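The values are calculated or read from the model by the stated rules, or taken from the named source; none is laboratory data. Since the structure is predicted, the reported quantities are computational estimates derived from the model, not experimental observations. Virtual Cβ from ideal backbone geometry, glycine too; neighbours counted across all protein chains shown.
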Amino acid sequence: MSIYRELSQLLLKAGYPYYEPRGLEGILRERPSGFRELETPENLEDKVMGGWFGRICGCMLGKPVEEWTRDKIKERGKAPSSIAKT
């Protein structure tokens with residue numbers, strides 16, 4: 001869990017152009033207003049859970065490599081010394 005604590009303490013890069021809301025109030029402020037009718041597939045629960053897991057993984061695993069190029073990520077992935085030790 002030390003990697004989680006470490007990642008959750010990282011600050012956004014100065015000038016980062018995106019806003020990542022925290023909590024329901026922040027999400028509601030950023031959400032477009034008005035009613036939207038959505039389809040209700042049989043596997044709705046699975047789709048919602050998949051969306052949340054995707055968001056969590058993307059946010060936590062993506063922080064250390066924010067704005068890196070694909071080549072830089074591949075190169076770092078090859079070097080054993082680049083792997084964080086917990």
(Q) Whether any residue in segment 48-58 is among the charged types (D, E, K, R), surrounded by 10 or more Cβ atoms within 10 Å (Cβ to Cβ) and not in a helix (DSSP H, G or I) is what I want to check. (A) no
(Q) Just checking, does segment 6-13 include any residue being in contact with a helix residue (DSSP H, G or I) (Cβ under 8 Å, 6 or more places away or on another chain), surrounded by 10 or more Cβ atoms within 10 Å (Cβ to Cβ) and assigned to a helix (DSSP H, G or I)? (A) yes
Q. Which of the residues that make up segment 22-47 are part of a loop (DSSP other than H, G, I, E, B), under 30 Å from Leu12 (Cβ atoms) and within 25 Å of the chain's Cα centre (by Cα)?
A. Arg22, Arg31, Pro32, Ser33, Arg36
Q.
Just to be sure I understand the filter: pairs with C-beta atoms under 7 Å, separated by 6 or more residues or on different chains, first member in segment 13-39 and charged (D, E, K, R) and at pLDDT below 85, second member surrounded by 10 or more Cβ atoms within 10 Å (Cβ to Cβ) and assigned to a loop (DSSP other than H, G, I, E, B). Which pairs pass?
A. Lys13/Glu66
Q) Mind checking which residues of segment 1-20 are over 16 Å from Met60 (Cβ atoms) and of a type outside the set (Ser, Thr, Tyr)? A) Lys13, Ala14, Gly15, Pro17
Q: Determine which member of the set Lys72, Lys63 is surrounded by 10 or more Cβ atoms within 10 Å (Cβ to Cβ) and at pLDDT below 80.
A: Lys63
